[in-house]
Every structure is written in structure tokens, then in C-alpha cells.
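Participant: Below is a structure I'd like to ask you about.
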Amino acid sequence: MSKMIPEDLKVIWAKSGDGCGHSLVCHMLDVATVVEAILDAEPPTTLLWAARQFGFEPGTAQRWLAALAGLHDFGKAIPGFQAKWDEGMRRVQTQGFRFTPTSCAQTKHDLATAALLGKELHALAASEPHWLQHSILAISAHHGYPFLPVEINQGKPVSEHAEWAHVRRAILRLYWQAIAPGGFPGAVSCALSRR
């Protein structure tokens, strides 16, 4: 898969380390694959329960849950996070990405996921808005902290150059094409509002 990823997407890293680290899109796919494998061990009743709770079509719960889990680090594709590792930032700069002090001020990738994922994911998944909002809140809380609306409103990088939004969109589209969960969730807002 890595050979099929364009270089300008591959340089956006999720995990630092020797050499080039590990790209964000590959990390997202890795997480989705692991979640899907874990869910393989669950009895069918668990997946039927998840389908009812999340508003998935029967038979799609496993893939949808895996796809959502893989999105947890989407917010790492921001200047502030990419500037955290010098070697990684230099590689990103070779692909024409610009870093400014203002755009680098926001470094929290989980908060950026909460602030940036909704519009992009809605364009791909066309899900019910309340379902999408609750799902993104859950995904972005993967470090244990659910963000408040006022925090989410401040989660976008300020004055970032256009190439950042472009690369996030391209990463999400590549990821979504590879994962391809079927159907469109939507009944979840009813289940969530009863709690």
C-alpha cells in the first residue's frame, strides 16, 4: 500500500522515529485493520448490538467501527503537530508545505480532529449530522478528554496555508477508498438522545 501513496501524502507523519517515521495515512489504516481484527473475535450478537446502537446497516458494523477508529489521528495533519519532530518537519517542507508561527500555535492533534474532521467526513459519508457530531466527539476523545464546543471552535490552525486543507482532504479520501465501509449510518442520533 505504501508504494501507492503519493509522496506529498506519505510525508505527513503520525509516528516519529528512525528514518522517515510512519505516515499518517498508513497509521490510520493500521489502526482500522487492528480494530477489524479484534472485532473478528467478537460474537455476532456484539456486532448486531453495535449496528443497532450506532445506526449501521446489519453486516456493516465491523467495518464502520474500524473505519471510525482509524480516524482518531486525522488532526495530526496540521502544521503545529508536524513541527513537533524536526526531521519529519523537514521532510514535509520538501513537499512544499509551509509552517508559520501562527499556524504552528495549535499543536493538539486530538483537538484538531474534533475541529477539522466533520465537514470532510460528511462530504464522504453523507451521514446524519447529529450522528456525525457524536462520532467525531468520541473519536477525538481518544486521549480520554471529550472537548467542549468552545474548545472545538478554537481547534483549527490559524492562518495555515491552503496546502494543509488539501492534504487532509486527500489523506481522508485515500483512507476512505481503502476502508470503504458500506451504507450510511443515521439512526444513531435517536439512540444517543435517549441517554
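Participant: Looking at ASP18, ASP73, which is the one that is among the acidic types (Asp, Glu), open to solvent by 60 Å² or more (accessible area, probe 1.4 Å) and outside any strand (DSSP E or B)?
Facilitator: The unique qualifying residue is ASP18.
Each row is one residue, and each column tells you yes or no for (1) under 18 Å from HIS142 (Cβ atoms); (2) charged (D, E, K, R); (3) at pLDDT below 95; (4) within 19 Å of the chain's Cα centre (by Cα).
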{"position": "GLY19", "(1), (2), (3), (4)": "no, no, yes, no"}
{"position": "VAL25", "(1), (2), (3), (4)": "yes, no, no, yes"}
{"position": "GLY59", "(1), (2), (3), (4)": "no, no, yes, no"}
{"position": "LEU65", "(1), (2), (3), (4)": "yes, no, yes, yes"}
{"position": "GLN82", "(1), (2), (3), (4)": "no, no, no, yes"}
{"position": "MET89", "(1), (2), (3), (4)": "no, no, no, no"}
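Participant: Right, something else. Report yes if some residue within the stretch 36-45 is touching a helix residue (DSSP H, G or I) at 6+ places or on another chain (Cβ under 7 Å), modelled with pLDDT of 90 or more and of a type outside the set (Gly, Ala, Ser); otherwise report no. Give the steps one after another, and end with the answer.
Facilitator: Here is the first cut: in the stretch 36-45, the residues touching a helix residue (DSSP H, G or I) at 6+ places or on another chain (Cβ under 7 Å) are 36, 39.
Now drop any that are not modelled with pLDDT of 90 or more, which leaves 36, 39.
Adding the requirement that they be of a type outside the set (Gly, Ala, Ser) leaves 36, 39.
Yes: one or more hits.
Participant: For the stretch 157-174: of the residues being among the basic types (Lys, Arg) and closer than 14 Å to LYS76 by Cα, which is most open to solvent (accessible area, probe 1.4 Å)? Working first, answer last.
Facilitator: At the first step, the residues of the stretch 157-174 found to be among the basic types (Lys, Arg) are 168-169, 173.
Subset that is closer than 14 Å to LYS76 by Cα: 168-169.
Details: ARG168: 14, ARG169: 82 Å².
The extreme case among them is ARG169.
Participant: Additional query: Out of the residues in the stretch 112-135 meeting the condition of being assigned to a loop (DSSP other than H, G, I, E, B) and open to solvent by 20 Å² or more (accessible area, probe 1.4 Å), tell me which one is nearest to ARG98 (Cα to Cα). Reasoning before the result, please.
Facilitator: The initial filter retains those residues of the stretch 112-135 that are assigned to a loop (DSSP other than H, G, I, E, B), namely 126-128.
This time we only want the ones that are open to solvent by 20 Å² or more (accessible area, probe 1.4 Å), so: 126, 128.
Working: ALA126: 31, GLU128: 35 Å.
So, considering only residues that are assigned to a loop (DSSP other than H, G, I, E, B) and open to solvent by 20 Å² or more (accessible area, probe 1.4 Å), the one nearest to ARG98 (Cα to Cα) is ALA126.
Participant: Six or more apart or on different chains, Cβ atoms under 6 Å: show the pairs whose first residue is in the stretch 82-100 and without any contact (Cβ under 8 Å) to a residue 60 or more places away in the chain and within 15 Å of GLU160 (Cα to Cα) and whose second is assigned to a loop (DSSP other than H, G, I, E, B) and of a type in the set (Phe, Trp, Tyr).
Facilitator: ALA83/PHE99
Participant: Another one. Do any residues in the stretch 172-183 that are in a helix (DSSP H, G or I) have Cβ atoms under 9 Å from those of residues that are open to solvent by 40 Å² or more (accessible area, probe 1.4 Å) and among the basic types (Lys, Arg), where the two are at least six apart or on different chains, and which pairs are they?
Facilitator: ILE179/ARG63
Participant: List the number of the failed condition for ALA66; all other conditions in (1) surrounded by 20 or more Cβ atoms within 10 Å (Cβ to Cβ); (2) not in a helix (DSSP H, G or I) hold.
Facilitator: (2)
Participant: From the set of residues in the stretch 136-156 that are among the aliphatic types (A, V, I, L, M) and within 19 Å of HIS72 (Cβ to Cβ), which is surrounded by the most Cβ atoms within 10 Å (Cβ to Cβ)?
Facilitator: Start the filter on the stretch 136-156 by keeping residues that are among the aliphatic types (A, V, I, L, M), which leaves 136-139, 141, 148, 150, 152.
Subset that is within 19 Å of HIS72 (Cβ to Cβ): 136-139, 141, 148, 152.
Values: ILE136: 23, LEU137: 17, ALA138: 15, ILE139: 21, ALA141: 15, LEU148: 10, ILE152: 20.
Once the filter is applied, the top-ranked residue is ILE136.
The values are calculated or read from the model by the stated rules, or taken from the named source; none is laboratory data. Just so it is clear, the structure is predicted and the values come from calculations on it, not from any experiment. Every residue, glycine as well, gets a Cβ built from its backbone with ideal geometry; the counts of neighbours run over all protein chains shown. Protein only, heavy atoms only, side chains kept; ligands, DNA and RNA dropped before computing areas. Shrake-Rupley method; radii C 1.70, N 1.55, O 1.52, S 1.80 Å.
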